[in-house]
Amino acid sequence: MPPFTFNTSRSVRFGASLILQLGEMTRSEIGCRVLLVTDTGMLATGLVDQVQVILANAGVDVTVFSDVVADPPEAVVLAATEAAKVADVDAVIGFGGGSSLDVAKLVAVLAMDNQSLKDIYGVGNITGRRLPLILIPTTSGTGSEVTPISILTTGKSEKMGVVSPVLIPDIALLDPELTLGLPAHVTAATGIDAMVHAIEAYCVPGFNPLCDGLALEGLRLVGRWLPVAVAEPSNLEARGAMLAGSCLSGIAFLKGLGLVHSISHMVGAEYDTQHGLTNAVVLPAALRHNAPALADKIEPLSQAMGLRDTSFEALYAHVCAILDQVGIPKTLTDIGVPSDCAARIADKALQDSAAGTNACALTAQDIERVIAVALTKG
């Protein structure tokens, strides 16, 4: 039996109103001077103010860094790291969507002053420790609170990642009440991102029964509850199921991802499209391309999504129906991607690490064909 590796957060804590325990949790388990990494959108919700009060009431000194943006550039990470050093913090809390959590992970490493950002790009290049770290997602999609990955924008149209188990936090705090205010379109895009994580992780070749099991349960939760969460934004059961499903799917892609993400990373870097939405639009074309390699995967995926018909065509139709139900656009051109980009994006996507773990081997021509379909076919 082949070997496998499984890493995740030391502690994953889930529950409605769990955020109220953050102050004592922080003081007793990670530190008394923290940098809270978030974005201006979160400031506008008032949730950051609530978190500051919860921390202050427990005697925790808080410095807020709120300049995170979607697809964060290196400059944001460096600015946040400098804020952590100036405040002499002894811990970091990431609070918000995947971008805030990704930045918080890197700050926890770079604030130790052992390595520069350029030194840690790639896989397994972090050589030292990090500051204690709590990650608190307010969307249900990226799973960043349990992954060993941070993605940054490194140039006008390029992204790079840092991959290391050092980035996995001490505590992932999952409170579904924090996601109740998500607009329907954000719920849909981030939710389909979680679905893609589950599908791609399960379809990655190789033996990892822990990741496979989590992927299927994550898919079951997201497939069942995403339409409900979009239609009933105040349904706490749906929000909780989505948050749990996103977390499980995030852990699962320790095993790898695939064609959807290899394309989405490059399309997002080039045209500033929202990551989950791009994944959603590319998913049908990528599924169709990968179908010949999924003979032993289709039945478990279908069963996880509650289907009696376990054929590929039934699974494909069901996934497309969910995309329609939650209002995902039909084509990449519908989200602002130009129709002549396929060859250029394909060459870049082939170099993405996700392409290397796809269900079947890929060429640039394969990827170009999938992009061409996603550009034009609803």
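The values are calculated or read from the model by the stated rules, or taken from the named source; none is laboratory data. This structure is a prediction, so every number in the text was calculated from the model and none was measured. When we count neighbours, we look across all protein chains shown, and the Cβ atoms used for this are built from the backbone with ideal geometry, even at glycine. For the accessible areas, the whole protein counts, side chains as well, though only heavy atoms, and no ligand, DNA or RNA atoms are used. Shrake-Rupley method; radii C 1.70, N 1.55, O 1.52, S 1.80 Å.
Restricted to helices (runs of 4 or more DSSP H) entirely inside the stretch 232-351, those with at least 1 residues that are open to solvent by 30 Å² or more (accessible area, probe 1.4 Å), closer than 30 Å to Pro169 by Cα and free of Cβ contacts under 8 Å to residues at least 40 places away in the same chain are 236-252. Among the conditions (1) open to solvent by less than 20 Å² (accessible area, probe 1.4 Å); (2) part of a helix (DSSP H, G or I); (3) farther than 19 Å from Arg10 by Cα; (4) out of contact with any strand residue (DSSP E or B) (no Cβ under 6 Å at 6 or more places or on another chain), the only one that Val109 does not satisfy is (3). Looking at Gly223, Gly218, Gly206, can you tell me which residue is without any contact (Cβ under 8 Å) to a residue 40 or more places away in the chain, more than 28 Å from Val76 (Cβ to Cβ) and either in a loop (DSSP other than H, G, I, E, B) or of a type in the set (Gly, Ala, Ser) (or both)? Only one candidate qualifies: Gly218. Tally time: how many residues in the stretch 5-24 are within 25 Å of Leu254 (Cβ to Cβ) and either outside any loop (DSSP other than H, G, I, E, B) or of a type outside the set (Val, Ile, Thr) (or both)? Adding up the residues that qualify gives 10.
Residue check: Gln115 meets all listed conditions (1) buried (at least 21 other Cβ atoms within 10 Å of the Cβ); (2) over 22 Å from Asn279 (Cβ atoms); (3) in contact with a Ser or Thr (Cβ under 7 Å, 6 or more places away or on another chain); (4) not hydroxyl-bearing (Ser, Thr, Tyr) but one, namely (1). Look at (1) small (Gly, Ala, Ser); (2) closer than 30 Å to Gly15 by Cα; (3) open to solvent by less than 30 Å² (accessible area, probe 1.4 Å); (4) out of contact with any Pro (no Cβ under 6 Å at 6 or more places or on another chain) and you find that Gly213 fails only one, number (3).
Close contacts from the stretch 53-74, counting a first residue that is more than 20 Å from Ser28 (Cβ to Cβ) and a second that is loosely packed, with under 14 Cβ neighbours inside 10 Å and not acidic (Asp, Glu), with Cβ to Cβ under 7 Å and a gap of 6+ residues or different chains, come to Ser66/Thr40.
A quick yes/no check of all residues on (1) under 24 Å from Thr179 (Cα atoms); (2) more than 21 Å from the chain's Cα centre (by Cα); (3) among the polar types (S, T, N, Q); (4) assigned to a loop (DSSP other than H, G, I, E, B):
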position	(1), (2), (3), (4)
Asp49	yes, yes, no, no
Val64	yes, yes, no, no
Asp71	yes, no, no, yes
Ala84	no, yes, no, no
Gly94	yes, no, no, no
Leu101	yes, no, no, no
Lys105	yes, no, no, no
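All conditions in (1) within 17 Å of Val281 (Cα to Cα); (2) modelled with pLDDT of 95 or more hold for Val186, with the sole exception of (2).
From the list Gly97, Gly122, exactly one residue is more than 26 Å from Ser28 (Cβ to Cβ) and surrounded by 24 or more Cβ atoms within 10 Å (Cβ to Cβ). Which is it?
Gly97
Within the stretch 152-167, the set of residues being closer than 30 Å to Ser28 by Cα, open to solvent by 10 Å² or more (accessible area, probe 1.4 Å) and either in a loop (DSSP other than H, G, I, E, B) or of a type in the set (A, V, I, L, M, F, W, C) (or both) comprises Val163, Val166.
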